[in-house]
Amino acid sequence: MSGKRIAIIGAGPIGLEVALYARLRDFEVVVLEQGTVAANVRSWGHVRLFSPFGINSSEWGRAAQPAADLPATEALLTGAEFSERYLLPLSQHSLLQGCIHENTRVVTIGKRHFWKGDAIGSRSRLGSPFTLLTESASSGEELIEADFVLDCSGTFGNHNWLGDGGVPAIGERQLSKRIDYCLPDIAGKDRSRFVGGRTLVIGSGYSAATAIVALGELIQQDSATEVFWLTRKATDTPLATIDGDTLRGRVDLTARANELAANPDSQINWLKASCVRQIETDDDGNIQVTVEQVTIEENAEQGGSTCKVVPVDNVIANVGYHPDRSLYEELQVHECYASQGPMKLAAALMGETSADCMTQSSPATDTLKNPEPGFFILGAKSYGRDSRFLLRIGLEQIQSAFDLIAAEAA
Ligand SMILES: Cc1cc2nc3c(=O)[nH]c(=O)nc-3n(C[C@H](O)[C@H](O)[C@H](O)COP(=O)(O)OP(=O)(O)OC[C@H]3O[C@@H](n4cnc5c(N)ncnc54)[C@H](O)[C@@H]3O)c2cc1C
């Protein structure tokens, strides 16, 4: 593989692991990162990972660093610790020197002399290099060529909308700068925004639960703090519990968040079977959220819904993320119409019935194949809107992708 050029988009955990793996196999590697190394993981640095360090890191990544500096395999690190103790040192490995270009965004990828509709699904496209249009403050726009492209750009930067059916609520787009679509550090640097105020949290996943538990602690410290927790389904508890869950942190988080929702004295008001219709500000700039709640149980025979206006200071929308598909718009990628992940992998994931992402089986090597030869989507982005992605799966994908690259190059 000596001399073959690989372009990797994103210096997150998977992009960095791929880069080292490729350098160990003598590829020429360029990593293009729109922000800085591990930017997304660091943005949720205050959150503790559920899975232990040993399965979040690769054999080759650990072997490349002095054993004494590595966290224990069973350690449950925060995002910040994972970055500082593993990902940043990995990015500084001598084999990666000069390979990682920070603050360089990939705008789009094409093929030299081949348009999207040319040579459909044909191996002949492999004979022509990929061209990546990049932009950076220092060099402006540039075109970079590569023989293989691995898109590890994640989904974290592209939030879903919080309105019903994924459509923006009325006014949401105009007020989006006042909405937290990520994970604010409620106990730490963002505390002053939340303490003593009214916060609406939307979502029924672990991110929303993390926010609810942190807000529950703020209520203990300042009883003027009040919370509304909106979830869209008419379930008995906001979060589903996983039978036989082996991850202590996840068990505790689920139990605590559900307990806060069930307790009428917790000052966490759970609005189930609800959605947001409108977000606006009053004359003083305060946020007013119109919440629609489907009438259930005793009013079931009447059906319908009721609307009420909830005045709040903060809105946290933990409603998921989706992939940026504009990067490969000019390539031949077969996407799933539901998850927007690459089709073969998405089809395999649809057959995965376990409620626990930890017990999911690794999709077969072939599921990483696209109609576009030489182009692979790895890491969180490969799951599209499906939130079950785990680093363990991403690390296995790397070895599979290189098996496919070796077969394609042969
Ligand atoms: C709060 C939270 C907790 C999690 N906990 C766990 C856990 O316990 N265990 C587990 O296995 N998984 C966990 N995950 C899921 C997953 O492992 C992480 O999301 C992980 O960061 C995914 O790694 P990645 O490299 O695929 O993507 P990311 O970490 O999102 O990295 C993508 C990189 O690509 C860059 N990028 C994006 N677009 C471009 C572009 N156009 N040009 C150049 N660069 C670009 C971004 O800046 C970023 O640096 C968690 C996720 C979250 C959000």
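The values are calculated or read from the model by the stated rules, or taken from the named source; none is laboratory data. It should be emphasised that the depicted structure is a prediction, and the values quoted were computed from it without experimental measurement. Every residue, glycine as well, gets a Cβ built from its backbone with ideal geometry; the counts of neighbours run over all protein chains shown. Note: areas computed on protein heavy atoms with side chains; ligands, DNA, RNA excluded. Shrake-Rupley method; radii C 1.70, N 1.55, O 1.52, S 1.80 Å.
With respect to (1) within 14 Å of the ligand (Cβ to nearest atom); (2) open to solvent by less than 60 Å² (accessible area, probe 1.4 Å), the lone exception for P168 is condition (1). Within region 105-126, residues that are under 20 Å from A7 (Cβ atoms) reach no partner that is of a type in the set (D, E) and more than 16 Å from the ligand (Cβ to nearest atom) with beta carbons closer than 6 Å at six or more positions or on different chains. Could you please find all residues in region 119-136 being modelled with pLDDT of 95 or more and open to solvent by 60 Å² or more (accessible area, probe 1.4 Å)? Passing the criteria: only E135. All of A338, A401, A346 fail the test of being open to solvent by 30 Å² or more (accessible area, probe 1.4 Å) and among the aliphatic types (A, V, I, L, M), apart from A338.
Is there a residue in region 368-389 that is away from the ligand (no atom under 12 Å from the Cβ), without any contact (Cβ under 8 Å) to a residue 40 or more places away in the chain, farther than 19 Å from R325 by Cα and open to solvent by 30 Å² or more (accessible area, probe 1.4 Å)? The answer is no; no qualifying residue exists. Could you tell me whether any residue of region 237-250 is of a type in the set (A, V, I, L, M), open to solvent by 60 Å² or more (accessible area, probe 1.4 Å) and either part of a loop (DSSP other than H, G, I, E, B) or in contact (Cβ under 8 Å) with a residue 40 or more places away in the chain (or both)? The answer is yes, given that some residue of region 237-250 is of a type in the set (A, V, I, L, M), open to solvent by 60 Å² or more (accessible area, probe 1.4 Å) and either part of a loop (DSSP other than H, G, I, E, B) or in contact (Cβ under 8 Å) with a residue 40 or more places away in the chain (or both). Counting residues in region 33-40 that are under 26 Å from E142 (Cβ atoms), open to solvent by 50 Å² or more (accessible area, probe 1.4 Å), out of contact with any Asp or Glu (no Cβ under 9 Å at 6 or more places or on another chain) and within 15 Å of the ligand (Cβ to nearest atom) gives one or more.
Reported count of residues in region 115-150, each being within 16 Å of the ligand (Cβ to nearest atom) and in contact with a Pro (Cβ under 9 Å, 6 or more places away or on another chain), is 1. Scanning region 86-109 for residues that are crowded, with 19+ Cβ neighbours inside 10 Å and more than 10 Å from the ligand (Cβ to nearest atom) turns up Y86, L90, S91, L96, C99, I100.
Taking region 9-24 only, how many residues are of a type in the set (G, A, S) and more than 9 Å from the ligand (Cβ to nearest atom)?
The number of residues fulfilling the criteria is 2.
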